[in-house]
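Structure record follows, encoded as structure tokens.
The values are calculated or read from the model by the stated rules, or taken from the named source; none is laboratory data. Remember, it's a predicted structure, so these values are computed and weren't measured experimentally. Methodologically, a virtual Cβ is constructed for each residue, glycine included, from the backbone with ideal geometry; neighbour enumeration extends over all protein chains shown. Surface accessibility is based on the protein's heavy atoms, side chains included, excluding ligands, DNA and RNA. Shrake-Rupley method; radii C 1.70, N 1.55, O 1.52, S 1.80 Å.
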Amino acid sequence: MKIGVICSRVRVEEKLLIAALERRNVDHERIDPREAHIDLAGDQLSAFDTVASCDAVIVRCLSHTRAYYVTRWLQSVGIPAVSSHETVRICGDKVLTTAALQEAGVPNPRTKLAFTPEAALNAIEEMGYPVVLKPLTGSWGRLLARINDRDAAEALLEHKKTLGGYQHSVVYIQEYVEKPQRDIRSFVVGDETICAIYRTSDHWITNTARGGEISNCPVTPEIDALSRATAQCVGGGFVAIDLLEAPDGRLLVGEANHTPEFRDCIDPTGVDIPAKVVDYVLTVAAESGKR
């Protein structure tokens with residue numbers, strides 16, 4: 001059996017995944033998408049030649065665009081990817097994620113979409129301050145904005161209009177959930193919630209990339225059920241789920257991530273996350289029957 005690891009940068013997470021493959025004596029190869037092109041009309045795979053010999057591929061592209069198109073191509077040639085094109089497609093777009101959650105009946109914050117500053121301002125005022133504006137794509141808590149009043153809303157919407165571009169032409173508006181200075185991130189591999197962490201911060205943005213502190217969060221039956229339901233409705237594979245604790249005690253799903261970072265979550269949870277991922281990938285490869 002051979003496993004491919006597609007990534008442009010080899011971060012700690014990718015090193016841990018490769019080490020887990022080596023501990024199991026699994027034949028593997030890293031493929032850098034920056035050094036490849038794909039012949040969509042023929043049989044020539046260029047720098048992706050070695051992918052054809054893989055039984056499954058772990059996709060760890062930092063670029064959503066690369067992950068989106070690479071997984072679509074892998075799907076067309078019958079090579080299973082973790083995570084799949086469907087998962088990358090849904091998780092990589094907050095509108096698609098919200099739609100999938102709504103269709104599956106998974107609780108999530110009230111969300112509105114607008115396509116002009118005027119419509120966005122009306123939607124914000126109807127929802128009531130404060131609200132949160134989020135980019136359609138992105139991670140690490142970047143480009144999030146909490147809007148506390150009309151002046152701030154008008155200023156930010158004017159900035160988005162002036163900046164232009166697709167990213168700023170669609171306004172994604174979400175209710176502000178008053179969290180207890182923390183949120184929960186759970187990790188789902190296949191159909192198992194393997195662990196969860198609290199991300200605690202004095203700032204309303206609790207992402208670890210923005211200084212949030214990590215501690216273990218026990219996986220309760222509610223966290224488990226909600227995490228697995230979310231993973232299923234966004235396509236499955238290896239995903240991280242962001243859960244928000246609402247003031248009324250409800251758990252709401254904020255987002256799902258198809259290429260989660262996990263290096264700092266191993267020690268607090270005591271769970272060997274890369275080993276769990278590799279076990280799952282090997283199962284996917286065996287079940288695909290591509291050997």
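Annotation: of all residues in region 75-100 being touching a Phe, Trp or Tyr at 6+ places or on another chain (Cβ under 8 Å) and not in a helix (DSSP H, G or I), the one that is surrounded by the fewest Cβ atoms within 10 Å (Cβ to Cβ) is Gly92.
Quick check on this structure: which one of Thr200, Thr193 is touching an Asp or Glu at 6+ places or on another chain (Cβ under 9 Å), open to solvent by less than 40 Å² (accessible area, probe 1.4 Å) and not acidic (Asp, Glu)?
Numbers: Thr200 fails: open to solvent by less than 40 Å² (accessible area, probe 1.4 Å).
Going through Thr200, Thr193 in turn, just one is touching an Asp or Glu at 6+ places or on another chain (Cβ under 9 Å), open to solvent by less than 40 Å² (accessible area, probe 1.4 Å) and not acidic (Asp, Glu): Thr193.
Could you check region 8-20 and list, in sequence order, the residues that are surrounded by 15 or more Cβ atoms within 10 Å (Cβ to Cβ) and modelled with pLDDT of 95 or more? Result: Glu13, Glu14, Leu16, Leu17, Ile18, Ala20. Of all the listed residues (Leu163, Leu144, Leu157), the sole one being modelled with pLDDT under 95 and open to solvent by less than 40 Å² (accessible area, probe 1.4 Å) is Leu157.
Table: residues versus (1) in contact with a helix residue (DSSP H, G or I) (Cβ under 9 Å, 6 or more places away or on another chain); (2) open to solvent by less than 10 Å² (accessible area, probe 1.4 Å); (3) of a type in the set (Val, Ile, Thr); (4) closer than 30 Å to Thr111 by Cβ.
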position: Gly249; (1), (2), (3), (4): no, no, no, yes
position: Glu255; (1), (2), (3), (4): yes, no, no, yes
position: Pro260; (1), (2), (3), (4): yes, yes, no, yes
position: Asp264; (1), (2), (3), (4): yes, no, no, yes
position: Pro268; (1), (2), (3), (4): no, no, no, no
position: Asp272; (1), (2), (3), (4): yes, no, no, no
position: Val281; (1), (2), (3), (4): yes, yes, yes, no
position: Ala286; (1), (2), (3), (4): no, no, no, no
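Of everything listed in (1) aliphatic (A, V, I, L, M); (2) open to solvent by 10 Å² or more (accessible area, probe 1.4 Å); (3) not in a helix (DSSP H, G or I), the single unmet condition for Ile173 is (2). Look at region 257-277: where a residue is closer than 24 Å to Tyr68 by Cβ and a partner is hydroxyl-bearing (Ser, Thr, Tyr) and modelled with pLDDT under 95, sitting 6+ places away or on another chain with Cβ atoms under 6 Å, you get His258/Ser83.
Could you tell me whether any residue of region 185-203 is touching a residue at least 60 places away in the same chain (Cβ under 8 Å), within 18 Å of Thr137 (Cβ to Cβ) and among the aliphatic types (A, V, I, L, M)? Explain how you work it out, then say what you get.
The first filter runs over region 185-203 and keeps only residues touching a residue at least 60 places away in the same chain (Cβ under 8 Å), leaving 185, 187, 189-190, 192, 194-197.
Among the residues that remain, those that are also within 18 Å of Thr137 (Cβ to Cβ) are: none.
Scanning region 185-203, I find no residue that is touching a residue at least 60 places away in the same chain (Cβ under 8 Å), within 18 Å of Thr137 (Cβ to Cβ) and among the aliphatic types (A, V, I, L, M), so the answer is no.
Contact map, region 93-122: first residue free of Cβ contacts under 8 Å to residues at least 60 places away in the same chain, second residue of a type in the set (Gly, Ala, Ser) and open to solvent by 40 Å² or more (accessible area, probe 1.4 Å), Cβ cut-off under 8 Å, separation 6 or more or different chains; pairs are Phe115/Ser169.
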